[in-house]
């Protein structure tokens with residue numbers, strides 16, 4: 001049969017579908033039909049292991065015999081995959097006479113209907129047909145699936161949902177290429193993006209112009225929004241039926257107040273998800289050639305918010321391993337002096353990595369005894385990650 005084919009998506013939920021054949025091809029067809037909610041009936045004298053598992057699980061009905069024309073009674077759709085051309089042709093002819101669509105696995109050119117290969121992402125379904133060439137169709141499907149997964153295709157809904165949701169996305173340490181695939185896809189679906197100062201802001205340029213961008217960046221002594229106001233924005237927009245992405249630098253749950261935002265959403269009855277990110281506490285030292293753990297040097301790492309006045313420097317000085325200070329540049333000399341006063345050796349190596357993973361990345365090294373003066377002389381500033389411990393001497397980039 002030649003000519004154009006008419007693409008159509010079918011709602012098979014609860015509808016009887018007949019699959020004739022018991023081999024691996026029939027099993028693949030039956031499994032997809034079961035996933036789509038169809039009432040699947042398999043007719044075959046014997047079945048393969050995969051079909052047997054579906055039967056044992058009560059997910060389809062098996063009629064252990066040869067095909068009969070009466071098997072078509074009550075069916076909405078037919079698949080035939082017996083491996084016997086004569087049987088498949090007979091099933092196809094009976095279906096044609098009964099005005100039923102029949103998909104033949106053995107000969108696409110003789111089939112009245114084709115089953116396209118499908119790429120899915122949440123509620124998006126893309127069906128791919130390639131003129132009866134299944135390998136070509138699969139290659140196209142895989143390429144489309146990758147674009148869907150990475151958010152490279154426009155996934156955003158233009159019809160507002162009854163209930164919105166909030167997704168906290170860890171944007172990674174700075175380089176936009178270090179956000180996760182799932183994070184990129186969440187951005188592609190967003191109606192509203194509430195963004196931090198240290199998030200990978202280059203990704204905002206890829207958003208549709210109609211996406212609302214809310215600045216929520218925090219800098220020392222300069223907050224665009226308070227945390228309570230951020231929580232209110234997340235809840236308010238989600239209650240309006242919008243998909244809200246809270247885009248943060250690093251990981252939402254590593255000194256990012258992500259836990260507070262999740263709690264606010266839960267308390268308001270708003271659905272919320274978390275997409276973890278690559279934390280700068282680990283990634284930025286790594287980008288500078290510093291492993292935060294290293295055999296013979298460090299078996300543990302401690303991450304500290306160094307702008308907190310309540311930091312117990314005496315306790316930190318007694319710890320083995322690596323100490324990573326976030327937000328610690330402004331008072332670097334004071335922090336170093338406190339660690340030395342608490343008993344840490346003045347010769348302990350220190351590395352400060354500015355703008356980690358970005359084009360302006362720069363590493364400044366020294367010891368607890370002199371890092372304050374060295375950093376001041378070089379004009380070191382935020383954003384930066386401070387690494388204290390023997391591994392800091394391994395800085396190479």
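Search region 76-88 for residues being surrounded by fewer than 19 Cβ atoms within 10 Å (Cβ to Cβ) and touching a strand residue (DSSP E or B) at 6+ places or on another chain (Cβ under 8 Å), and hand back the single one that is nearest to residue 22 (Cα to Cα). Top of the filtered list is 87. Got at least one residue in region 35-55 being surrounded by fewer than 20 Cβ atoms within 10 Å (Cβ to Cβ), within 22 Å of residue 128 (Cα to Cα) and touching a residue at least 12 places away in the same chain (Cβ under 8 Å)? Yes - at least one qualifying residue is present in region 35-55. Looking across 244, 214, 270, one residue alone is surrounded by 21 or more Cβ atoms within 10 Å (Cβ to Cβ) and in contact with a helix residue (DSSP H, G or I) (Cβ under 6 Å, 6 or more places away or on another chain). It is 244. In region 167-206, of all residues being touching a helix residue (DSSP H, G or I) at 6+ places or on another chain (Cβ under 7 Å), within 17 Å of residue 153 (Cβ to Cβ) and without any contact (Cβ under 8 Å) to a residue 60 or more places away in the chain, the one that is surrounded by the most Cβ atoms within 10 Å (Cβ to Cβ) corresponds to 203. Where helices (runs of 4 or more DSSP H) fall wholly inside region 221-332, the ranges with 3 or more residues that are modelled with pLDDT of 95 or more are 227-239, 258-267, 280-287. Scanning region 89-109 for residues that are farther than 15 Å from residue 134 by Cβ, touching a strand residue (DSSP E or B) at 6+ places or on another chain (Cβ under 6 Å) and touching a residue at least 24 places away in the same chain (Cβ under 8 Å) yields a count of 4.
So that you can scan it fast, the table gives a plain yes or no per residue for (1) within 21 Å of residue 255 (Cβ to Cβ); (2) within 16 Å of the chain's Cα centre (by Cα); (3) in a loop (DSSP other than H, G, I, E, B):
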residue: 163; (1), (2), (3): no, no, yes
residue: 167; (1), (2), (3): yes, yes, no
residue: 177; (1), (2), (3): no, yes, no
residue: 183; (1), (2), (3): yes, yes, no
residue: 187; (1), (2), (3): no, yes, no
residue: 197; (1), (2), (3): yes, no, yes
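Could you tell me which of the residues 369, 373 is assigned to a loop (DSSP other than H, G, I, E, B), in contact (Cβ under 8 Å) with a residue 24 or more places away in the chain, farther than 29 Å from residue 217 by Cα and not assigned by TED's automatic domain parsing to the domain that holds residue 250?
On the way: 373 fails: assigned to a loop (DSSP other than H, G, I, E, B).
Exactly one residue qualifies, and that residue is 369.
The values are calculated or read from the model by the stated rules, or taken from the named source; none is laboratory data. All values reported here derive from a predicted model rather than from experimental measurement. Neighbour counts are summed over all protein chains in view; Cβ atoms, including those assigned to glycine, are modelled from backbone coordinates with ideal geometry.
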